[in-house]
1. Can you check what the net charge comes to around Val96, using other residues whose Cβ is under 12 Å from the Cβ of Val96 (Lys, Arg +1; Asp, Glu -1)?
2. With θ set to phi - 60°, apply the Karplus curve 6.51 cos²θ - 1.76 cosθ + 1.60 along segment 253-262 and write out the HN-Hα couplings as whole Hz, x wherever there is a Gly or Pro.
3. Rounded to whole Hz and in sequence order, give me ³J(HN,Hα) for segment 69-83 from the Karplus expression 6.51 cos²θ - 1.76 cosθ + 1.60, θ = phi - 60°, writing x for Gly and Pro.
4. Counting alpha carbon pairs within less than 8 Å and at least 6 residues apart, what relative contact order, in whole percent, applies to segment 191-273?
5. In bins 10 Å wide, starting from 0, what share of all Cα pairs of segment 191-273 does each bin hold, as a percent?
6. Calculate the spin-label point distance for Glu206 paired with His168, positioning each point 7 Å from the Cα along the beta-carbon direction, and give it in nanometres.
7. Please rank Cys240, Cys83, Cys259, fewest neighbouring Cβ atoms within 10 Å first, as an exposure proxy.
8. Considering only Cα-Cα distances, which of the following residue pairs are longer than 19 Å: Lys58/Lys176; Lys41/Lys176; Lys76/Lys176?
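Laboratory data are not the source of any read-out in this text; all were calculated from the coordinates shown. Since the structure is predicted, the reported quantities are computational estimates derived from the model, not experimental observations. Neighbour counts are summed over all protein chains in view; Cβ atoms, including those assigned to glycine, are modelled from backbone coordinates with ideal geometry.
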Amino acid sequence: MEIRSVGVVGAGQMGNGIAHVFALAGYDVLLNDISEEGLQKALATIEKNLDRQVSRGKITAEVKAAAQARIETTLKLADLGQCDLIIEAATERETVKQAIFEDLLPYLKPTTILTSNTSSISITRLASRTDRPEKFMGLHFMNPVPVMQLVELIRGIATDQDTWDTMHEVVRRLGKTAASAEDFPAFIVNRILIPMINEAVYTLYEGVGSVKSIDESLKLGANHPMGPLELADFIGLDTCLAIMNVLYDGLADSKYRPCPLLVKYVEAGWLGRKSQRGFYDYR
Ligand code: CAA
């Protein structure tokens with residue numbers, strides 16, 4: 001099936017990056033959010049990140065303008081009804097994601113493919129609440145979306161081969177690389193990455209090292225571009241905790257127990273960069 005138009009639900013950190021890369025690849029993008037302020041902020045972020053690519057010689061000013069012209073915004077989910085592909089990139093809460101799909105269904109063409117950018121929630125379960133589990137799969141981008149090469153493609157139990165092949169072709173057209181994953185808690189990247197971050201928080205909690213020494217150790221000792229605590233702040237501590245909980249609940253193994261210090265930071269509202277405070281102070 002050919003995909004021309006893409007509806008992106010959620011204009012936050014991931015949604016605006018997804019809109020950015022699809023528009024650059026020539027797709028028509030309709031970006032949806034519950035607030036006009038959220039949409040305007042997303043357009044400003046996309047402009048800033050496109051400018052960054054222009055100034056580094058990655059794209060021309062004409063390509064930037066053409067990409068921006070391909071992005072439209074709407075507050076109404078119903079407007080996404082004619083899109084060939086839907087990418088849900090809302091908050092990492094299952095009830096929110098389910099409600100979005102339920103609200104969308106009455107407006108959709110029968111051929112529309114549904115995807116979720118969830119970082120850990122069961123694709124099979126989300127799909128089962130829709131009228132088209134065979135046309136539903138996971139499409140998981142990494143942050144920052146315009147920079148990171150990987151997209152995880154997650155096959156739900158009912159995903160059909162046509163949908164799977166179509167989405168592999170879409171990822172190829174984006175100029176990114178697909179990793180195929182089966183539908184188990186947190187898939188591949190977060191199954192490995194988030195327990196490492198949780199272990200870094202335990203290392204801090206137990207006084208083995210300071211924030212600085214933990215981050216420097218992984219940056220200089222293992223060549224990670226960011227230390228694990230800096231990366232946790234970048235991803236969002238609430239998202240890291242949500243993923244640990246999905247692993248803990250889904251795999252029933254104590255090795256996935258969220259570190260109490262991670263829980264405490266989230267309870268304090270110290271969520272990382274987005275709240276100006278996490279393991280580092282951004283105020
Ligand atoms: N949009 C467009 N371009 C961007 C960008 C953005 N938001 N952020 C950075 N860039 C570009 C820069 O322009 C620069 O481009 P060039 O190489 O062409 O010069 C390049 O990215 C590197 O940026 P900087 O030089 O400014 O900064 P840096 O070298 O410190 O790199 C980083 C920044 C790319 C974020 C790097 O620190 C990094 O790779 N960090 C790890 C990120 C990571 O692990 N992401 C995965 C998180 S897990 C996830 O997303 C899954 C989940 O579900 C939780």
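1. Values: positive: Arg93, Lys97; negative: Glu88, Glu92, Glu94, Glu102, Asp103.
Result for the neighbourhood of Val96: -3.
2. 3J(HN,Hα) across segment 253-262, in whole Hz: 10, 5, 5, 9, 4, x, 5, x, 5, 5.
3. 5, 7, 9, 10, 10, 8, 8, 9, 4, 4, 5, 7, x, 8, 5
4. Details: 87 pairs, mean separation 27.6, N = 83.
Contact order relative to length: 33 percent.
5. 19, 53, 26, 2
6. Here the answer is 4.2 nm between the modelled labels.
7. On the way: Cys240 30, Cys83 25, Cys259 21.
Ordered by Cβ neighbours within 10 Å, fewest first: Cys259, Cys83, Cys240.
8. Values: Lys58/Lys176 15 Å; Lys41/Lys176 25 Å; Lys76/Lys176 30 Å.
Distance filter (> 19 Å) returns Lys41/Lys176; Lys76/Lys176.
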